[in-house]
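In what follows, a single structure is set out as structure tokens and then discussed.
The values are calculated or read from the model by the stated rules, or taken from the named source; none is laboratory data. What you are looking at is a predicted structure, and each value in this text was computed from that prediction instead of being measured. Quick reminder, even Gly has a Cβ in these numbers, built from the backbone with ideal geometry, and neighbours come from all protein chains shown.
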Amino acid sequence: MRVVVWGINYAPEFTGIAPHSVALCEFLCGRGHDVKMVSTFSYYPTWRKLPDDQGRVYRTDVINGVPVHRCWHFVPPQVSALKRILHEASFIATSVLRQLTLKAPDVYVVVSPPLLLGAAAWLVGGVKGAPFVFHVQDMQPDAAVGLGMLREGWFIKALYALEAFAYRSAARVSGITPRMLAAFRQKGVPESKLIYFPNAIALADGASAAKRGKFREEHGFRSDEFLALYAGNLGVKQGLDVLISAAELLHDRSIRIVICGDGAQRDVLAERVRTLKLPNVTMLPLQDDYEAMLEDADVCFITQQSGSGSSFFPSKLLGLLAQSKPVITVADPESDLSEAVVEGGFGVNVPPGRPDELAQLLDSIAGDRERLQRLGAAGRVYVDQFEKNHVYVSFLDELERVVAARSAR
């Protein structure tokens, strides 16, 4: 089977959507299928291209046996709503041209966002005579409205129209959480089109004890200091202000909040930490040795801005649970994330906007090693259902059904 995966994120990016596209491509390749990736030049989460990629329009790399056709796109140094639209639109334009030069596949797997890739896949698929599966990692219009980033009006109506067109045109629509599938149903997507395709992970035996203490030593953190870690994208959707507000209330405790990563809100967060002169907050760039960082963390944060919980699901959760890390989430009580916490029993959820409650929880949990170990063990059990081979075999079956149905017609 010939498969083209089409999405804006791919290796060497190692956070966000990219690792899941990489894993899918390499799984299909390993099963003997002819797989190609059409993507951009790496830019996320720093929002900067690598020096060697500057000025390149097209290039083809081969990564672990997968040809990666890279297409130029605009990457703004400062992200705004308008610049993000230009950023995504530029990728749509250059990648459509690239797709038209490639041999037609049996099926396209289109990863959204960008939302506009749905319309682009309809166009290219029509020319090439190939169906597409629209895989939604983030429901962009719902997220924009929920976060207050865009107001109701003609533009939002246009986004919802594009979304409906993508769902209508796709052979299948897949989502990463049951709540997403429920949203698709409410938007009129028939049950016969829906695929549950959660993010997956390759499960190892656990973190390396040999790395224990390395991260603390490199950054001067005491061995008896309780490390509460956030690692990932520093964007609006993450609502990370709550961590800094909680740190203000914990200035006299032996609890350090570490915010590690990059993104559109990094400078804003760093300025607030400087202004408040918080000695118990450390901001770090992305770490090369992610495993060593996790090994030394006592608890890990996953945060969501209020109103965003039904529109996306943080992929980093699986990696934390696979390393038996207890998790503190900040999310709406009705979100997929908080429901997963309740179902899996691997952490505690605090609603957004309650830094005092978060501070009290940290103060309580920091002295309860037995509870931390219990939460970590529960997470390692919960994550088994997302083991990579199990998830991808199921999705491969769906792709083969799409191709078989097209051939029959």
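PHE395 is checked against (1) of a type outside the set (S, T, N, Q); (2) outside the structural domain of VAL242 (by TED's automatic domain parsing); (3) exposed (fewer than 14 other Cβ atoms within 10 Å of the Cβ) and fails just one. What number does that condition carry?
Of everything listed in (1) of a type outside the set (S, T, N, Q); (2) outside the structural domain of VAL242 (by TED's automatic domain parsing); (3) exposed (fewer than 14 other Cβ atoms within 10 Å of the Cβ), PHE395 misses just condition (3).
Conditions: (1) of a type in the set (Val, Ile, Thr); (2) in a strand (DSSP E or B); (3) over 26 Å from ILE176 (Cα atoms). VAL75 meets all but one. Number of the miss?
(2)
Just the residues that are under 13 Å from the mean Cα position of the chain (by Cα) and either part of a strand (DSSP E or B) or more than 22 Å from THR101 (Cα to Cα) (or both), please, taken from the range 1-20.
The answer is GLU13, PHE14, THR15, GLY16, ILE17, ALA18, PRO19, HIS20.
For residues in the range 61-77 being without any contact (Cβ under 8 Å) to a residue 24 or more places away in the chain and surrounded by 12 or more Cβ atoms within 10 Å (Cβ to Cβ), which is nearest to PRO114 (Cα to Cα)? Before you say what the answer is, go through the steps one by one.
So the first thing to find is which residues in the range 61-77 are without any contact (Cβ under 8 Å) to a residue 24 or more places away in the chain, and the list is 61-62, 74.
Next cut, surrounded by 12 or more Cβ atoms within 10 Å (Cβ to Cβ) only: 61, 74.
Working: ASP61: 22, PHE74: 14 Å.
The selected residue is PHE74.
Out of GLY376, GLY367, GLY345, report the one residue that is over 30 Å from VAL133 (Cα atoms), in contact with a helix residue (DSSP H, G or I) (Cβ under 8 Å, 6 or more places away or on another chain) and not acidic (Asp, Glu).
Answer to the selection: GLY345.
Could you check the range 217-233 and list, in sequence order, the residues that are modelled with pLDDT under 90 and surrounded by 15 or more Cβ atoms within 10 Å (Cβ to Cβ)?
Once the filter is applied, which keeps residues that are modelled with pLDDT under 90 and surrounded by 15 or more Cβ atoms within 10 Å (Cβ to Cβ), the range 217-233 yields GLY232, ASN233.
Search the range 174-216 for residues being touching a strand residue (DSSP E or B) at 6+ places or on another chain (Cβ under 8 Å) and farther than 25 Å from GLY319 by Cα, and hand back the single one that is modelled with the lowest pLDDT.
If we take residues in the range 174-216 being touching a strand residue (DSSP E or B) at 6+ places or on another chain (Cβ under 8 Å) and farther than 25 Å from GLY319 by Cα, then ALA183 is modelled with the lowest pLDDT.
Starting from the range 95-108, take each residue that is of a type in the set (Asp, Glu) and list its partners that are surrounded by 15 or more Cβ atoms within 10 Å (Cβ to Cβ) and part of a loop (DSSP other than H, G, I, E, B), counting only C-beta distances under 7 angstrom and pairs at least six apart or across chains.
What qualifies is ASP106/MET1; ASP106/ALA130.
Can you tell me which of (1) under 16 Å from the mean Cα position of the chain (by Cα); (2) in a helix (DSSP H, G or I); (3) surrounded by 21 or more Cβ atoms within 10 Å (Cβ to Cβ) is the one ALA23 doesn't meet?
(3)
How many residues does the range 26-60 hold that are in a helix (DSSP H, G or I), charged (D, E, K, R) and surrounded by 12 or more Cβ atoms within 10 Å (Cβ to Cβ)? Full working, then the answer.
Of all residues in the range 26-60, those in a helix (DSSP H, G or I) come to 26-30, 51-53.
From the residues that got through so far, the ones that are charged (D, E, K, R) too are 26, 52-53.
Retained after the next criterion (residues that are surrounded by 12 or more Cβ atoms within 10 Å (Cβ to Cβ)): 26, 53.
Of the residues in that region, 2 qualify.
For the structure I just gave you, tell me whether PHE313 is over 25 Å from ARG48 (Cβ atoms), surrounded by 21 or more Cβ atoms within 10 Å (Cβ to Cβ), within 17 Å of the chain's Cα centre (by Cα) and of a type in the set (Phe, Trp, Tyr). First the steps, then the outcome.
Values: over 25 Å from ARG48 (Cβ atoms): yes; surrounded by 21 or more Cβ atoms within 10 Å (Cβ to Cβ): yes; within 17 Å of the chain's Cα centre (by Cα): yes; of a type in the set (Phe, Trp, Tyr): yes.
Yes, satisfied.
I'd like to check something: does the range 275-297 contain any residue that is surrounded by fewer than 20 Cβ atoms within 10 Å (Cβ to Cβ), among the small types (Gly, Ala, Ser) and touching a residue at least 12 places away in the same chain (Cβ under 8 Å)?
No: zero hits.
Just checking, how many residues over the range 338-385 are surrounded by fewer than 14 Cβ atoms within 10 Å (Cβ to Cβ), of a type in the set (Lys, Arg) and either modelled with pLDDT under 95 or touching a Phe, Trp or Tyr at 6+ places or on another chain (Cβ under 7 Å) (or both)?
Matching residues across the range 338-385 total 1.
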